[in-house]
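Structure first, commentary second.
The values are calculated or read from the model by the stated rules, or taken from the named source; none is laboratory data. Note that this is a predicted model, so its numbers are computed, not measured. As a convention, Cβ positions derive from the backbone with ideal geometry for all residues, glycine included, and neighbour counts pool all protein chains shown.
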Ligand code: XMP
């Protein structure tokens, strides 16, 4: 195990992610962790970056016992400065912040013999790295040598080779340091000799164990599921851990995709064995949405009503749970939060180390006085998919495109009516069917090649013709984008045959549609959803 001590950098979790990619197990703990309280001995320690200055009077510092563990240490950014501070208090404010790409030279010849450190084995003499720091070393700590330089950082990397202490000013954990994983591999695998036996299967087992301990032998957990991959994987993990003491609730808000509630029920109950209650509240939602055109209002109505219904349902379930002889109270609320959602909330937050969570379903857990349980909080989407596959969840669900909480309400411009919902649902179902059947040139399904696709409904009606009749019908907009992070996206290009087939089918099969258009805007300037 590699111990990652977190000083609050937004990148700390990327360190654990890189280690996982190397199949190396790591534990991330706040930098203030007392080593005497650890029940295990790490093979090596990584000190993360952080937003502080080591010389400030309230700066966080590691337990000095870390230097008595007699294991290799890698300090990254603030971590390097923490090392230097420990060995000589020689860190200063830099004249200017260094932020961005820098060229690292790993053959420094500033008065020393050229020497390639074990930390940089297998790497080219010059490589791009990502810097983000204000402070710098004033001089080398005793017995340390410089193992890399950059134009702005004479001490871009330092080492005490016999103690196996290393410090790098740059961030090897971010993708802007293209060969950074090799640096982490050299440290964890070659220098610390950590075993590379950590897999998603191991993650699952450990998480199941952790959940069991946390919840206890009688505790019960409630959680909302949507049919998306995150909540499904989270629900399945809970089920593995505590079986029927986990209660999943799905609220049908009337603006789901076609047959979605049915499919979710089938997957969760029949295939995965999860204890699920589906609440059909579509009429309640649709009547509240009547006459509402403003997208933010629609979002609010759906969000608030969801909370109301979930609370009502949770109370019922809690009452029933109390009456079962083996069960205790519902104490926890499950949330399928992923790492990118919580970057802010998990890091170490200053010397008073408060760990808070800000990202949850409309403050539901606080309101209901429930504690949060978030089994996926350390993971990225691709890792959740890997676990989903590991847990036996169908491929179709594991690779499902994201679907927004407010559902089709933000894919229907203006007022939402039952008729418009039906039209979008049907058009969308045809589009999805064709995307799943269609193939790219190299044989992957179009659905998999695309990050997110859907049918939506434009605001105005247009004229068309059905048989001999003129029809004043709706305008369906199809949208498909490719993206890695959903922050920017490119519109997807279909070939003529595919585009015509989808358009013809929607025109012919969905009653009330006069035209089908393809919405071909990238993000920016557009967003992915229409509203
Ligand atoms: P935009 O439209 O902002 O979408 O480019 C980016 C991603 O976020 C999803 N999205 C939402 N998800 N509630 C959600 O749960 C929302 O209000 C919401 N708005 C957008 C969208 O589907 C896309 O994946």
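Keeping to the range 129-141, report how many residues are surrounded by fewer than 16 Cβ atoms within 10 Å (Cβ to Cβ) and at pLDDT 95 or above. Full working, then the answer.
Applying the first criterion (surrounded by fewer than 16 Cβ atoms within 10 Å (Cβ to Cβ)) to the range 129-141 yields 134, 138-139.
Checking which are at pLDDT 95 or above leaves us with none.
Within the range 129-141, residues that are surrounded by fewer than 16 Cβ atoms within 10 Å (Cβ to Cβ) and at pLDDT 95 or above number 0.
In the range 424-531, counting only strands (runs of 3 or more DSSP E) that sit wholly within it, the ones holding 1 or more residues that are within 16 Å of the ligand (Cβ to nearest atom) and closer than 19 Å to residue 258 by Cβ span 452-466, 469-482.
Could you tell me which of the residues 144, 120 is modelled with pLDDT of 90 or more, surrounded by 15 or more Cβ atoms within 10 Å (Cβ to Cβ) and in contact with a strand residue (DSSP E or B) (Cβ under 6 Å, 6 or more places away or on another chain)? Of the residues listed, the single one that is modelled with pLDDT of 90 or more, surrounded by 15 or more Cβ atoms within 10 Å (Cβ to Cβ) and in contact with a strand residue (DSSP E or B) (Cβ under 6 Å, 6 or more places away or on another chain) is 144.
Whether any residue in the range 306-324 is more than 16 Å from the ligand (Cβ to nearest atom), touching a helix residue (DSSP H, G or I) at 6+ places or on another chain (Cβ under 7 Å) and assigned to a helix (DSSP H, G or I) is what I want to check.
Applying the first criterion (more than 16 Å from the ligand (Cβ to nearest atom)) to the range 306-324 yields 308-309, 311-324.
If we keep only those that are touching a helix residue (DSSP H, G or I) at 6+ places or on another chain (Cβ under 7 Å) as well, we get none.
Checked against the condition, which is being more than 16 Å from the ligand (Cβ to nearest atom), touching a helix residue (DSSP H, G or I) at 6+ places or on another chain (Cβ under 7 Å) and assigned to a helix (DSSP H, G or I), the range 306-324 yields no hits at all.
What number of residues within the range 249-278 satisfy the criterion of being surrounded by 22 or more Cβ atoms within 10 Å (Cβ to Cβ) and in a helix (DSSP H, G or I)? The number of residues fulfilling the criteria is 2. On inspection, residue 333 fails the criterion of being within 16 Å of the ligand (Cβ to nearest atom) and at pLDDT below 95.
Among the residues of the range 382-422, those identified as within 16 Å of the ligand (Cβ to nearest atom), in contact (Cβ under 8 Å) with a residue 60 or more places away in the chain and part of a helix (DSSP H, G or I) are 384, 385, 407, 408, 409, 410.
Scanning the range 176-183 finds one or more residues that are in contact with a helix residue (DSSP H, G or I) (Cβ under 8 Å, 6 or more places away or on another chain), crowded, with 18+ Cβ neighbours inside 10 Å and part of a loop (DSSP other than H, G, I, E, B). The residue list 357, 277 contains one member that is at pLDDT 95 or above and touching a strand residue (DSSP E or B) at 6+ places or on another chain (Cβ under 6 Å), which is 277.
If only residues of the range 160-175 that are part of a loop (DSSP other than H, G, I, E, B) and within 30 Å of the chain's Cα centre (by Cα) are counted, the one that is surrounded by the most Cβ atoms within 10 Å (Cβ to Cβ) is 169.
For the range 192-227, filtering for residues that are surrounded by fewer than 21 Cβ atoms within 10 Å (Cβ to Cβ), touching a strand residue (DSSP E or B) at 6+ places or on another chain (Cβ under 8 Å) and not in a loop (DSSP other than H, G, I, E, B) leaves 1. Filter the range 484-504 down to the residues that are more than 15 Å from residue 517 (Cβ to Cβ) and surrounded by 15 or more Cβ atoms within 10 Å (Cβ to Cβ) and list them by number. 486, 489, 498, 501, listed by residue number.
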